[in-house]
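To keep things clear, I will list the structure first and then write my remarks on it.
The values are calculated or read from the model by the stated rules, or taken from the named source; none is laboratory data. This is a predicted model, so every value here is computed, not measured. Please note: Cβ atoms are built from the backbone with ideal geometry, for glycine as well, and neighbour counts cover all protein chains shown. Heads up: the accessible areas ignore ligands, DNA and RNA and are worked out on the full protein's heavy atoms, side chains in. Shrake-Rupley method; radii C 1.70, N 1.55, O 1.52, S 1.80 Å.
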Amino acid sequence: MGLLECCARCLVGAPFASLVATGLCFFGVALFCGCGHEALTGTEKLIETYFSKNYQDYEYLINVIHAFQYVIYGTASFFFLYGALLLAEGFYTTGAVRQIFGDYKTTICGKGLSATVTGGQKGRGSRGQHQAHSLERVCHCLGKWLGHPDKFVGITYALTIVWLLVFACSAVPVYIYFNTWTTCQSIAFPSKTSASIGSLCADARMYGVLPWNAFPGKVCGSNLLSICKTAEFQMTFHLFIAAFVGAAATLVSLLTFMIAATYNFAVLKLMGRGTKF
């Protein structure tokens with residue numbers, strides 16, 4: 001059987017849920033990491049320019065921002081690798097499940113991948129093994145490595161819980177910038193508020209961004225409005241929103257992965273006769 005025919009039959013049994021989840025994962029992680037990195041850089045510039053004149057006041061903040069940017073590099077690398085592994089696991093377990101139900105014709109690739117799960121023939125004799133197709137051997141080795149769907153379910157479940165915290169933390173800068181933007185709108189349209197323009201301020205100290213002894217630490221009135229009109233503020237605000245959307249897309253992809261992997265594992269465990277884990 002040719003390689004093209006093998007790939008065509010494997011695509012017939014493609015795990016569409018895993019494919020969609022992989023696309024969402026890659027898109028979400030790229031959006032979160034790329035936009036988050038640039039948004040942190042923009043925040044650093046805004047703090048340096050408008051909210052503090054003393055480097056010692058925001059030195060700790062800069063160190064934290066740089067640390068988060070390095071974490072973003074590692075997060076991007078990890079998720080792209082783990083997303084590829086989950087996609088391979090999706091092909092692996094979906095093929096085994098459809099083989100159990102009898103609606104998936106096993107190919108050389110399918111036999112190699114499902115040998116570990118379905119307990120296929122362990123020996124063909126020395127002559128048969130000598131004549132085995134190289135692609136089947138590669139797929140068989142891959143099947144042995146991916147033959148633990150229960151571990152993937154556990155890891156994905158733990159990763160989803162961790163990413164829930166990341167998703168919640170990504171909403172914090174959006175909240176801060178939204179409050180600042182709302183204050184600027186009140187300054188721009190004073191008829192909509194009863195407070196005086198001079199008392200409307202954005203205080204970076206109250207959010208823990210700067211220490212309480214930082215000077216000036218806050219910007220009020222028309223000065224704040226001028227900051228909100230700058231390209232740096234507008235771009236940083238929108239970048240944080242995009243990073244938040246990316247975190248949400250990644251969370252949805254992890255939930256999809258977890259549901260699909262749990263279903264396949266349950267089917268293989270309960271209905272896979274001779275299944276080994």
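Residue separation of Leu164 and Tyr73 scaled by 0.36 nm, minus their Cα-Cα distance, works out to 30.9 nm of gained length. Take every Cα-Cα distance within the range 171-277, group them into 5 Å bins from 0 onward, and report for each bin the whole-number percent of pairs it holds. The percentages, shortest bin first, are 2, 11, 14, 14, 13, 9, 6, 5, 5, 5, 5, 4, 4, 3, 1, 0. With the convex hull of the Cα atoms taken as the outline of the range 164-225, the averaged projected area works out to 4.9 nm². Accessible surface of Lys218, taken over heavy atoms with a 1.4 Å probe and every protein chain present, rounds to 90 Å².
Send over the Kirkwood Rh of the range 230-269, from the inverse of the averaged 1/r over different Cα pairs, rounded to one decimal Å. One over the average 1/r among Cα pairs gives 12.3 Å for the range 230-269.
Full extension of the chain between Ala30 and Tyr55 yields a length gain of 5.8 nm, computed as 0.36 nm times the residue separation minus the alpha carbon distance.
Largest first, what is the accessible-area ranking of Leu81, Leu254 with a 1.4 Å probe?
So, going from the largest accessible area down, we get Leu81, Leu254.
The Cβ shell under 14 Å around Ile47 holds other residues with a net charge of -2, Lys and Arg each +1, Asp and Glu each -1.
The listed residues Trp163, Trp181, Trp212, once ranked by accessible area (1.4 Å probe) with the largest placed first, stand as Trp212, Trp181, Trp163.
The calculated FRET efficiency for Trp181 paired with Ile259, based on their beta-carbon distance and R0 = 30 Å, is about 0.25.
Coordinate range of the alpha-carbon atoms in the range 16-68 per principal axis, descending: 54, 18, 9 Å.
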